[in-house]
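Note sheet for the following structure.
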Amino acid sequence: MGKKSEIDTKKILSSFGRISKQWGLGESSGKVWGFLLFKSMPITQKQIEEGTNYSRGLVSRSLKKLRELDIISITKKGNEFYYSTNASLIKGFNKVTKNFLEMEIKPLIESLSKNLNEVKDVTFKKNIRRMINEYKKLNLGILVFSKTMGSLALLDIENLTEITKKYSKKEKGGE
């Protein structure tokens with residue numbers, strides 16, 4: 001039996017892709033970003049294709065999306081383009097959550113609000129108002145989450161570990 005790698009990169013990249021998909025980035029873009037984070041040095045599109053087992057077209061579309069979010073940077077050396085991440089996992093995830101708000105949540109709130117006056121059915125109108133309020137709360141929750149993540153990025157791991165332990169005790173009913 002062959003020696004198993006200490007870190008199952010394939011499994012981690014798949015997980016990274018699924019998480020990114022849930023936040024509107026897309027699974028392939030998330031997996032490409034995860035691969036760039038693992039490499040932590042500029043690499044070519046061909047290397048990304050080989051590392052993710054994605055086609056040239058899929059990698060190209062993923063890189064375009066990551067560039068639009070300003071999560072990666074591109075440098076040219078000779079005839080070759082090199083891609084690298086220019087945001088930590090937390091900073092990049094903040095950009096993804098802010099994009100999710102701008103592209104998904106805010107347009108939905110605006111659409112529901114804009115069409116509210118056209119609704120004649122009182123019960124339906126009440127339900128739409130309730131939905132608008134819920135989406136506004138979700139919007140606020142994601143903003144708070146994003147700010148919290150930004151603050152966590154500034155903490156060193158020892159402080160973060162201590163805060164996590166204290167919070168876990170409170171959740172379990174201790175302290």
(message) I'm told Phe93 meets every condition in (1) surrounded by 16 or more Cβ atoms within 10 Å (Cβ to Cβ); (2) of a type in the set (Phe, Trp, Tyr); (3) in the same structural domain as Lys46 (by TED's automatic domain parsing) except one. Can you identify the failing condition by its number?
(response) (3)
(request) Report the residue count in region 53-72 for those that are at pLDDT below 95 and more than 18 Å from the chain's Cα centre (by Cα). (result) 1
(message) Of the conditions (1) surrounded by 11 or more Cβ atoms within 10 Å (Cβ to Cβ); (2) in contact with a strand residue (DSSP E or B) (Cβ under 9 Å, 6 or more places away or on another chain); (3) without any contact (Cβ under 8 Å) to a residue 24 or more places away in the chain, Ser113 satisfies every one except a single condition; which number is it?
(response) (2)
(message) Looking at Asp156, Asp70, Asp121, can you tell me which residue is assigned by TED's automatic domain parsing to the domain that holds Trp33 and exposed (fewer than 15 other Cβ atoms within 10 Å of the Cβ)?
(response) Asp70
(request) Kindly establish whether Lys166 is within 28 Å of Ser40 (Cα to Cα) and in a helix (DSSP H, G or I). (result) no
(request) Scan region 63-73 for residues that are without any contact (Cβ under 8 Å) to a residue 24 or more places away in the chain and in contact with a Phe, Trp or Tyr (Cβ under 8 Å, 6 or more places away or on another chain) and report the count. (result) 1
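The values are calculated or read from the model by the stated rules, or taken from the named source; none is laboratory data. On a predicted model such as this, the values are computed, not experimentally measured, just so you know. Note that we place each Cβ from the backbone using ideal geometry, even for glycine, and neighbour counts take in every protein chain shown.
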